[in-house]
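S.K.: Here it is, the structure, as C-alpha coordinates.
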Amino acid sequence: MFKFSQFPFGNEPELEESDIKELQERLFLLMKEAYQQKIAFVFIIEGWASSGKGDLLKTLTVRLDPRKFKVYSPYVDTSEDRGYPFLWNFWKMLPRFGETLFYLNSYYGRLVYLWSEEKIEEGEFYRRMISIQNTERILTRDNVHFYKFFLHVSEKEQNKRLKKAKAENKKWQVSQADKLQTKHYSRYKKAFERVISESDSAFAPWTILSAENNDSAKAALLHAIISGLENDLKVNSKEQIKLLAQGQELMP
(Lines give C-alpha, C1' and ligand atoms only; values in the text may rest on other atoms or scores of the structure.)
Protein backbone atom coordinates (compact mmCIF):
# COMPACT_ATOMS: atom_id res chain seq x y z
CA MET A 1 0.00 0.00 0.00
CA PHE A 2 1.27 3.46 -0.87
CA LYS A 3 2.40 5.63 2.04
CA PHE A 4 3.36 9.30 1.88
CA SER A 5 6.26 8.41 4.16
CA GLN A 6 7.77 6.65 1.09
CA PHE A 7 7.88 10.06 -0.59
CA PRO A 8 10.46 12.24 1.18
CA PHE A 9 10.56 15.94 0.41
CA GLY A 10 13.77 17.10 -1.20
CA ASN A 11 15.34 20.18 -2.69
CA GLU A 12 13.68 20.06 -6.09
CA PRO A 13 15.48 22.16 -8.71
CA GLU A 14 13.73 25.21 -10.11
CA LEU A 15 13.68 26.15 -13.78
CA GLU A 16 14.26 29.53 -15.35
CA GLU A 17 11.28 31.33 -16.87
CA SER A 18 12.68 30.63 -20.34
CA ASP A 19 12.74 26.91 -19.56
CA ILE A 20 9.10 27.01 -18.44
CA LYS A 21 8.15 28.77 -21.67
CA GLU A 22 9.89 26.11 -23.74
CA LEU A 23 8.03 23.37 -21.85
CA GLN A 24 4.74 25.21 -22.46
CA GLU A 25 5.58 25.40 -26.17
CA ARG A 26 6.33 21.67 -26.25
CA LEU A 27 3.02 20.98 -24.54
CA PHE A 28 1.24 23.10 -27.16
CA LEU A 29 2.83 21.07 -29.97
CA LEU A 30 1.89 17.78 -28.30
CA MET A 31 -1.71 18.86 -27.78
CA LYS A 32 -1.83 19.79 -31.46
CA GLU A 33 -0.54 16.32 -32.32
CA ALA A 34 -3.12 14.70 -30.03
CA TYR A 35 -5.84 16.54 -31.91
CA GLN A 36 -4.49 15.27 -35.23
CA GLN A 37 -4.26 11.69 -33.92
CA LYS A 38 -7.76 11.93 -32.36
CA ILE A 39 -6.62 10.80 -28.93
CA ALA A 40 -8.38 12.27 -25.90
CA PHE A 41 -6.54 12.94 -22.65
CA VAL A 42 -7.80 13.34 -19.10
CA PHE A 43 -5.34 14.87 -16.64
CA ILE A 44 -6.59 14.45 -13.09
CA ILE A 45 -4.85 16.92 -10.78
CA GLU A 46 -5.50 16.12 -7.14
CA GLY A 47 -3.71 17.27 -4.03
CA TRP A 48 -3.92 18.84 -0.63
CA ALA A 49 -5.75 22.07 0.04
CA SER A 50 -3.44 25.02 -0.76
CA SER A 51 -1.14 22.81 -2.85
CA GLY A 52 -1.34 25.34 -5.70
CA LYS A 53 -3.56 23.43 -8.14
CA GLY A 54 -5.08 26.61 -9.58
CA ASP A 55 -1.73 28.29 -10.20
CA LEU A 56 -0.35 25.13 -11.77
CA LEU A 57 -3.37 24.88 -14.04
CA LYS A 58 -2.71 28.40 -15.32
CA THR A 59 0.88 27.43 -16.13
CA LEU A 60 -0.32 24.33 -18.00
CA THR A 61 -2.99 26.01 -20.10
CA VAL A 62 -1.74 29.54 -20.83
CA ARG A 63 -0.20 28.53 -24.18
CA LEU A 64 -2.86 25.99 -25.25
CA ASP A 65 -5.59 26.43 -27.83
CA PRO A 66 -8.70 27.12 -25.68
CA ARG A 67 -10.88 25.39 -28.28
CA LYS A 68 -9.19 22.07 -27.65
CA PHE A 69 -9.28 21.73 -23.86
CA LYS A 70 -11.64 22.29 -20.97
CA VAL A 71 -11.32 22.50 -17.20
CA TYR A 72 -13.64 20.97 -14.63
CA SER A 73 -13.13 21.88 -10.97
CA PRO A 74 -16.13 21.13 -8.72
CA TYR A 75 -16.27 21.55 -4.95
CA VAL A 76 -15.62 18.17 -3.34
CA ASP A 77 -18.17 18.76 -0.57
CA THR A 78 -21.06 19.82 -2.84
CA SER A 79 -20.30 18.27 -6.25
CA GLU A 80 -22.76 15.39 -6.29
CA ASP A 81 -26.16 15.55 -7.99
CA ARG A 82 -28.82 13.65 -6.13
CA GLY A 83 -30.70 11.14 -8.21
CA TYR A 84 -27.82 10.48 -10.62
CA PRO A 85 -24.86 8.05 -10.49
CA PHE A 86 -21.99 9.68 -8.65
CA LEU A 87 -19.83 9.79 -11.81
CA TRP A 88 -22.53 11.56 -13.81
CA ASN A 89 -20.90 14.99 -13.49
CA PHE A 90 -17.66 13.56 -14.86
CA TRP A 91 -19.35 11.82 -17.77
CA LYS A 92 -20.86 15.15 -18.83
CA MET A 93 -17.37 16.64 -19.12
CA LEU A 94 -15.68 13.89 -21.14
CA PRO A 95 -13.49 15.38 -23.88
CA ARG A 96 -14.07 14.63 -27.52
CA PHE A 97 -11.40 12.65 -29.35
CA GLY A 98 -8.42 14.90 -29.90
CA GLU A 99 -9.28 17.17 -26.97
CA THR A 100 -8.17 17.34 -23.35
CA LEU A 101 -9.83 17.62 -19.95
CA PHE A 102 -8.00 19.03 -16.93
CA TYR A 103 -9.90 17.69 -13.94
CA LEU A 104 -9.23 19.37 -10.56
CA ASN A 105 -10.92 18.21 -7.35
CA SER A 106 -12.01 15.05 -9.11
CA TYR A 107 -14.13 12.10 -8.08
CA TYR A 108 -11.09 10.99 -6.04
CA GLY A 109 -11.20 14.14 -3.94
CA ARG A 110 -14.93 13.66 -3.54
CA LEU A 111 -14.44 10.07 -2.38
CA VAL A 112 -11.70 11.07 0.08
CA TYR A 113 -13.96 13.77 1.52
CA LEU A 114 -16.93 11.42 1.94
CA TRP A 115 -14.80 8.69 3.51
CA SER A 116 -12.88 11.00 5.83
CA GLU A 117 -16.04 12.69 7.08
CA GLU A 118 -17.79 9.32 7.53
CA LYS A 119 -20.57 10.19 5.10
CA ILE A 120 -20.37 6.79 3.37
CA GLU A 121 -19.79 3.28 4.71
CA GLU A 122 -17.17 0.74 3.63
CA GLY A 123 -19.50 -0.98 1.16
CA GLU A 124 -20.30 2.27 -0.63
CA PHE A 125 -16.62 3.24 -0.71
CA TYR A 126 -15.77 -0.10 -2.34
CA ARG A 127 -18.63 0.18 -4.87
CA ARG A 128 -17.53 3.65 -5.92
CA MET A 129 -13.90 2.62 -6.24
CA ILE A 130 -14.85 -0.29 -8.50
CA SER A 131 -16.98 2.05 -10.66
CA ILE A 132 -14.04 4.48 -11.00
CA GLN A 133 -11.62 1.70 -11.98
CA ASN A 134 -14.05 0.23 -14.51
CA THR A 135 -14.78 3.65 -16.02
CA GLU A 136 -11.10 4.48 -16.47
CA ARG A 137 -10.38 1.03 -17.93
CA ILE A 138 -13.24 1.17 -20.45
CA LEU A 139 -12.43 4.72 -21.56
CA THR A 140 -8.73 3.87 -21.94
CA ARG A 141 -9.67 1.05 -24.32
CA ASP A 142 -11.67 3.61 -26.30
CA ASN A 143 -8.68 5.94 -26.85
CA VAL A 144 -9.16 8.19 -23.82
CA HIS A 145 -5.85 8.28 -21.94
CA PHE A 146 -5.65 9.02 -18.21
CA TYR A 147 -2.82 10.57 -16.21
CA LYS A 148 -3.30 11.22 -12.51
CA PHE A 149 -1.19 13.56 -10.40
CA PHE A 150 -1.21 14.19 -6.66
CA LEU A 151 0.35 17.40 -5.34
CA HIS A 152 1.77 16.62 -1.92
CA VAL A 153 2.52 19.18 0.80
CA SER A 154 3.46 18.59 4.41
CA GLU A 155 1.10 19.38 7.26
CA LYS A 156 3.38 22.23 8.30
CA GLU A 157 3.38 23.79 4.82
CA GLN A 158 -0.37 23.43 4.45
CA ASN A 159 -0.97 25.23 7.75
CA LYS A 160 1.49 27.95 6.73
CA ARG A 161 -0.33 28.62 3.44
CA LEU A 162 -3.78 28.70 4.99
CA LYS A 163 -2.60 31.13 7.68
CA LYS A 164 -1.06 33.30 4.96
CA ALA A 165 -4.35 33.36 3.04
CA LYS A 166 -6.14 34.45 6.20
CA ALA A 167 -3.54 37.13 7.00
CA GLU A 168 -3.80 38.52 3.45
CA ASN A 169 -7.59 38.65 3.71
CA LYS A 170 -8.00 35.94 1.08
CA LYS A 171 -10.47 33.81 3.00
CA TRP A 172 -12.41 33.30 -0.23
CA GLN A 173 -9.56 31.03 -1.36
CA VAL A 174 -10.21 28.64 1.53
CA SER A 175 -13.31 26.45 1.39
CA GLN A 176 -14.93 24.57 4.26
CA ALA A 177 -13.49 21.35 2.81
CA ASP A 178 -10.00 22.93 2.90
CA LYS A 179 -10.44 23.74 6.57
CA LEU A 180 -11.48 20.16 7.33
CA GLN A 181 -8.37 18.83 5.57
CA THR A 182 -6.15 21.08 7.65
CA LYS A 183 -7.89 20.23 10.91
CA HIS A 184 -7.82 16.47 10.26
CA TYR A 185 -4.62 16.13 8.22
CA SER A 186 -3.75 12.64 9.50
CA ARG A 187 -7.23 11.32 8.78
CA TYR A 188 -7.23 12.69 5.25
CA LYS A 189 -3.69 11.45 4.67
CA LYS A 190 -4.81 7.88 5.36
CA ALA A 191 -7.77 8.32 3.02
CA PHE A 192 -5.59 9.71 0.21
CA GLU A 193 -3.11 6.87 0.69
CA ARG A 194 -5.86 4.30 0.41
CA VAL A 195 -7.47 5.86 -2.66
CA ILE A 196 -4.12 6.22 -4.46
CA SER A 197 -3.14 2.64 -3.63
CA GLU A 198 -6.42 1.12 -4.80
CA SER A 199 -6.73 3.16 -8.00
CA ASP A 200 -3.16 3.09 -9.30
CA SER A 201 -2.97 1.03 -12.49
CA ALA A 202 -0.94 0.56 -15.65
CA PHE A 203 -3.68 2.19 -17.74
CA ALA A 204 -4.30 5.12 -15.35
CA PRO A 205 -1.18 5.61 -13.21
CA TRP A 206 -0.65 8.03 -10.33
CA THR A 207 2.37 10.32 -10.12
CA ILE A 208 3.13 11.94 -6.76
CA LEU A 209 4.72 15.39 -6.99
CA SER A 210 6.10 17.58 -4.24
CA ALA A 211 4.30 20.93 -4.10
CA GLU A 212 6.31 22.39 -1.22
CA ASN A 213 7.78 24.79 -3.78
CA ASN A 214 5.31 26.04 -6.39
CA ASP A 215 7.90 26.80 -9.07
CA SER A 216 9.46 23.35 -8.76
CA ALA A 217 6.01 21.76 -8.88
CA LYS A 218 5.24 23.59 -12.14
CA ALA A 219 8.39 22.24 -13.75
CA ALA A 220 7.81 18.71 -12.47
CA LEU A 221 4.19 18.63 -13.64
CA LEU A 222 5.06 19.97 -17.10
CA HIS A 223 7.84 17.40 -17.48
CA ALA A 224 5.59 14.54 -16.34
CA ILE A 225 2.75 15.47 -18.71
CA ILE A 226 5.09 16.01 -21.65
CA SER A 227 6.78 12.66 -21.02
CA GLY A 228 3.43 10.86 -20.98
CA LEU A 229 2.19 12.60 -24.13
CA GLU A 230 5.39 11.90 -26.03
CA ASN A 231 5.17 8.23 -25.10
CA ASP A 232 1.53 7.93 -26.19
CA LEU A 233 1.84 10.02 -29.35
CA LYS A 234 5.28 8.73 -30.40
CA VAL A 235 6.52 12.29 -30.85
CA ASN A 236 9.72 14.01 -29.71
CA SER A 237 8.60 17.53 -28.91
CA LYS A 238 12.13 18.67 -28.07
CA GLU A 239 13.26 17.84 -31.60
CA GLN A 240 10.20 19.59 -33.00
CA ILE A 241 11.15 22.75 -31.10
CA LYS A 242 14.65 22.59 -32.61
CA LEU A 243 13.22 22.22 -36.12
CA LEU A 244 10.93 25.21 -35.62
CA ALA A 245 13.84 27.26 -34.31
CA GLN A 246 15.69 26.47 -37.54
CA GLY A 247 12.76 27.73 -39.57
CA GLN A 248 11.64 24.30 -40.74
CA GLU A 249 7.99 23.30 -41.00
CA LEU A 250 6.67 20.27 -39.14
CA MET A 251 5.22 17.51 -41.26
CA PRO A 252 1.49 16.97 -40.67
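S.K.: Are there any helices in the chain, counted as whole DSSP H runs, that stretch 27 Å or more along their axis by Cα and score at least -0.5 on average by Kyte-Doolittle, and if so which?
M.R.: Helix filter hits for the chain: 214-233.
S.K.: Pairs of alpha-carbon atoms within less than 8 angstrom and 6+ residues apart define the contacts here; what relative contact order does the chain have, in percent?
M.R.: In percent, rounded to a whole number, it is 32.
S.K.: Right, next: Just 205, 95, 74 to compare: in a GNM of the chain, with alpha carbon springs under 10 Å, which one fluctuates most?
M.R.: Comparing 205, 95, 74 in the GNM, the peak value goes to 205.
S.K.: Sticking with this structure for a sec: List the chymotrypsin sites (Phe, Trp or Tyr not before Pro) within region 138-212 that DSSP assigns to loop and that have no more than 15 neighbouring Cβ atoms inside 10 Å. List each step's numbers first, then the result.
M.R.: Working: sites: 146, 147, 149, 150, 172, 185, 188, 192, 203, 206; in loops: 203.
Sparse-neighbourhood loop chymotrypsin sites (Phe, Trp or Tyr not before Pro): 203.
S.K.: Reachable aspartates and glutamates from residue 92, Cα under 13 Å, same-chain residues fewer than 8 places away excluded?
M.R.: 80, 81
S.K.: In whole percent, what relative contact order does region 130-224 give with Cα contacts below 8 Å and a gap of six or more residues?
M.R.: On the way: 60 pairs, mean separation 44.4, N = 95.
Once normalised by length, the contact order is 47 percent.
S.K.: Can you match percent of Cα pairs over 24 Å apart to one of these, (1) 49; (2) 45; (3) 53, based on a calculation from the structure here?
M.R.: (1)
S.K.: How far is it, in nm, from the label point at residue 120 to the one at residue 186 when both lie 7 Å from their Cα along the line to the Cβ?
M.R.: With each label placed 7 Å out from Cα toward Cβ, I get 2.5 nm.
S.K.: At 0.36 nm per residue, and after removing the present C-alpha to C-alpha distance, how many nm does the segment from residue 155 to residue 25 gain when stretched out fully?
M.R.: Net length gain for the segment: 43.4 nm.
S.K.: Here's another thing I want to ask about it. Only four residue types carry charge here, +1 at the Cβ of Lys and Arg and -1 at the Cβ of Asp and Glu. Report the dipole size of the chain about the Cα centre in Debye, rounded to the nearest 20.
M.R.: In total the dipole reaches around 620 debye.
S.K.: Accessible surface of residue 93 in the full protein assembly, 1.4 angstrom probe, to the nearest 10 Å²?
M.R.: Estimated to the nearest 10 Å², residue 93 gives 50 Å².
S.K.: Can I ask one more? Accessible area of residue 207, 1.4 Å probe, to the nearest 10 Å²?
M.R.: Answer for residue 207: close to 50 Å² accessible.
S.K.: Among the listed pairs 53/183; 148/218; 166/189, give every one whose C-alpha distance is greater than 18 Å. Spell out each step's value before the answer.
M.R.: On the way: 53/183 20 Å; 148/218 15 Å; 166/189 23 Å.
Violating the 18 Å Cα-Cα cut-off are 53/183; 166/189.
S.K.: Helix-only estimate, please: 222 nm mean residue ellipticity of the chain, summing -39500 (n - 2.57) across DSSP H runs of length 4 or more and dividing by its residues, to the nearest 500.
M.R.: -16500 deg cm²/dmol
S.K.: Out of the trypsin sites (Lys or Arg not before Pro) in region 27-61, which ones are loop residues according to DSSP with at most 11 other C-beta atoms within 10 Å?
M.R.: On the way: sites: 32, 38, 53, 58; in loops: 38.
Listed in order of number, the matching sites are 38.
S.K.: Same structure again: So how do 107, 35 rank on accessible area, 1.4 Å probe, biggest first, that is with the largest at the start?
M.R.: Sorted by accessible area, descending: 35, 107.
S.K.: What part of the accessible area of the chain, given as a whole %, is carbon or sulfur when the probe is 1.4 angstrom? Walk me through the numbers on the way to the answer.
M.R.: Details: 6640 of 13480 Å².
The C+S portion of the solvent-accessible surface of the chain is 49 percent.
S.K.: Let me ask another. For the chain, report the accessible area per residue in Å² (1.4 Å probe, heavy atoms, rounded to an integer).
M.R.: Numbers: 13480 Å² over 252 residues.
That works out to 53 Å² for each residue.
S.K.: Sticking with this structure for a sec: Can you tell me which lysines have their Cα less than 16 Å from the Cα of residue 238? Leave out same-chain residues fewer than eight positions away.
M.R.: In chain and number order, the partners are 21, 32.
S.K.: Mind giving me the FRET efficiency for residue 4 and residue 168? R0 is 25 Å, r the Cβ-Cβ distance, nearest 0.05 is fine.
M.R.: Working from the Cβ atoms, E equals 0.35.
The values are calculated or read from the model by the stated rules, or taken from the named source; none is laboratory data. Only a predicted model underlies this, so the values are computations on that prediction, with no experimental measurement involved. We place every Cβ from the backbone using ideal geometry, glycine too, and count neighbours over all the protein chains shown. For the accessible areas, the whole protein counts, side chains as well, though only heavy atoms, and no ligand, DNA or RNA atoms are used. Shrake-Rupley method; radii C 1.70, N 1.55, O 1.52, S 1.80 Å.
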